[in-house]
Amino acid sequence: MLGLQPLASATLVGSMPHRDRGKVIELILRTVPEIPVWPQLPSYPSEGMMVQYLEGLPGVHRESERTCVRTDTEEFDRELYAFYEEYLEVESEARALEDSRFRMGSETGESFFRFLEILGGHRAGLKAVKGQIVGPFTLLAGMKDQQDRALLYDDRLQDAVVKHLAMKAKWQVGRLRAFGCPVIVFLDEPALAGFGSSAFISVTRELVQSLLKEVVDAVHQAGGLAGIHVCANTDWLLAFESGVDIINFDSYKYFDRFALYGDAFSRFMADGRLVAWGMVPTLDRGAILAESAQSLADKWFAQIQHLVTPQLSTQTILAQSIFTPSCGCACLEESIAERVLELTGSLSELMKAACR
């Protein structure tokens with residue numbers, strides 16, 4: 001068992017449009033108090049989904065508006081050697097993770113550290129605390145080298161990036177465990193929506209699974225629960241077979257695609273693992289304004305009947321469910337993002353009542 005029975009609690013994907021850190025953290029603690037999450041604020045350049053996790057990676061080069069990884073210099077070879085040297089020191093515990101390149105710095109981690117500070121006064125009622133990290137496939141597919149080639153196709157960086165993110169995730173779990181409750185770290189993997197397309201025609205399922213597994217294993221070794229978030233459709237067997245404890249997806253828009261994997265879902269539930277249903281829309285402003293907590297609850301109960309079996313009841317599924325927005329809110333206006341959070345909290349309250 002995972003040590004966490006959410007019983008329809010709510011959490012968030014993580015990104016928000018705000019710049020006032022204190023305001024958004026207090027909003028998060030009010031709307032999703034049982035599983036709060038530190039906010040990623042890409043309105044600050046250092047907190048972009050990929051940029052925030054590049055710190056400490058060999059070869060990172062920023063020029064004007066472009067960030068890439070340069071592999072065509074002697075300096076890169078030296079940096080790569082130093083990277084592995086430090087990685088092995090941390091792995092062997094000859095160096096503390098907290099004192100390594102894998103921790104968040106004062107700029108990239110400002111929202112994270114502010115969250116730790118404020119959460120210290122809100123421990124009552126915590127079921128878990130959540131963090132997030134860019135997934136290895138998304139970072140490798142999205143970050144380019146000096147020739148505009150994805151890092152995914154460089155064997156050296158393929159290995160280094162995965163180890164880098166595994167350590168970053170491990171460090172995050174270590175800091176969040178201070179609150180004495182289960183720690184969840186989601187791997188944000190929007191690029192998995194492109195797996196199997198012509199853009200990744202040469203990328204095998206085995207490669208993707210190995211990338212995910214190394215980071216998931218690191219979260220588990222640190223004592224955390226690993227989740228995966230994909231904000232569109234993908235080959236859901238990749239998620240079910242990745243070793244994660246929680247799958248989070250846009251169930252508002254893509255439930256029908258997910259429901260095609262009913263057998264895998266049933267096995268996932270039978271193992272005591274969890275699904276975080278992204279029931280609150282974030283991509284359609286009109287839908288955000290039109291929906292209510294009750295309409296979203298009704299939609300979920302109608303959907304879930306497609307996954308109910310004689311061995312797997314609605315109540316069992318609900319007990320192993322978390323409710324979230326369908327994706328991050330960073331691209332929304334602040335007021336609309338705040339409505340998404342209010343809807344998420346209210347939907348969770350309705351669903352928790354149905355658990356009783």
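Under the simplified labelling scheme, the Ala264-Thr316 pair shows an inter-label distance of 2.0 nm, with each label point 7 Å from Cα along Cα→Cβ.
Would you mind checking Lys168/Lys299; Lys127/Lys213; Lys213/Lys253 for any pair whose Cα atoms are more than 32 angstrom apart? Let's see the in-between values first.
Working: Lys168/Lys299 37 Å; Lys127/Lys213 25 Å; Lys213/Lys253 27 Å.
The pairs that break the limit, which is 32 Å between Cα atoms, are Lys168/Lys299.
Only Cα pairs under 8 Å and 6+ residues apart enter the sum, and on that basis the relative contact order of the chain stands at 23 percent. Taking the protein heavy atoms of the stretch 257-352 in the context of the full set of protein chains, the accessible area attributed to carbon and sulfur is 52 percent at 1.4 Å.
Between Glu89 and Asp217, what FRET efficiency comes out of the Förster formula 1/(1 + (r/R0)^6) with R0 = 22 Å and r the beta carbon distance, rounded to 0.05? Walk me through the numbers on the way to the answer.
On the way: r = 19 Å, r/R0 = 0.88.
Using R0 = 22 Å, I get an efficiency of 0.70.
3J(HN,Hα) couplings calculated from phi for the stretch 329-335 with the Karplus curve 6.51 cos²θ - 1.76 cosθ + 1.60 (θ = phi - 60°) are, in sequence order, 10, 4, 8, 8, 5, 4, 5 Hz; Gly and Pro show x. Projecting the Cα atoms of Leu97, Ser335, Ser292 onto the charge dipole of the stretch 21-355 (Cβ charges, centred on the Cα centre) puts Ser292 farthest toward the positive pole. In the chain, the sites counted are GluC sites (Glu not before Pro) in DSSP loop states with at most 10 other Cβ atoms within 10 Å, and the longest stretch holding none of them, exclusive of the sites, is 94-356. Once backbone amide H atoms are built at 1.01 Å from N, Gly243 has no partners under 5 Å, excluding neighbours fewer than 5 places away on the same chain. Helical runs (DSSP H, four residues minimum) scored at -39500 (n - 2.57) apiece and divided by the length of the chain put the mean residue ellipticity at 222 nm at -13500 deg cm²/dmol.
Across the stretch 136-148, computed HN-Hα scalar couplings (Karplus, 6.51 cos²θ - 1.76 cosθ + 1.60, θ = phi - 60°) run x, 5, 5, 5, 5, 7, x, 8, 10, 8, 5, 9, 6 Hz from first to last residue, x flagging Gly and Pro.
Report the extension gain between Ala96 and Ala290 in nm, rounded to one decimal, defined as 0.36 nm multiplied by the number of residues separating them, less their alpha carbon distance. Don't skip to the end; give the middle numbers.
Values: separation 194, 0.36 × 194 = 69.84 nm, distance 5.01 nm.
Taking 0.36 nm per residue and subtracting the Cα distance, the gain is 64.8 nm.
Please identify every one of the chymotrypsin sites (Phe, Trp or Tyr not before Pro) in the stretch 1-109 that sits in a loop by DSSP and has no more than 16 other beta carbons within 10 Å of its own beta carbon.
Values: sites: Tyr53, Phe76, Tyr81, Phe83, Tyr84, Tyr87, Phe102; in loops: Phe102.
Answer in residue order: no site qualifies.
Comparing Thr309, Leu151, Leu350 along the charge dipole axis of the chain, the residue lying farthest to the positive side is Leu350, per the Cβ-charge model.
Once you list every other residue whose beta carbon is under 14 Å from the beta carbon of Ile304, what net charge do they have if Lys and Arg are +1 and Asp and Glu are -1? Around Ile304, the surrounding residues sum to -1.
Distance from the alpha carbon centroid of the stretch 179-232 to that of the stretch 154-175 works out to 12 angstrom. Of all the options His122, His229, His18, the one that moves most in a Gaussian network model of the chain with Cα springs shorter than 10 angstrom is His122. For the stretch 154-168, the Karplus equation 6.51 cos²θ - 1.76 cosθ + 1.60, evaluated at θ = phi - 60°, returns couplings of 10, 4, 5, 7, 4, 6, 5, 4, 5, 5, 4, 5, 4, 5, 4 Hz by residue, with Gly and Pro reported as x. For the chain, the solvent-accessible area of protein heavy atoms averages 40 Å² per residue (probe radius 1.4 Å; ligands and nucleic acids excluded).
Label point of Cys355 set 7 angstrom out along Cα-Cβ; within the stretch 303-329, amide nitrogens under 18 Å from it belong to 304, 313-325.
The values are calculated or read from the model by the stated rules, or taken from the named source; none is laboratory data. Just so it is clear, the structure is predicted and the values come from calculations on it, not from any experiment. For neighbour counting, all protein chains shown are included, and Cβ atoms are generated from backbone atoms with ideal geometry for every residue, glycine included. SASA here: full protein model, heavy atoms, side chains in, ligands and nucleic acids out. Shrake-Rupley method; radii C 1.70, N 1.55, O 1.52, S 1.80 Å.
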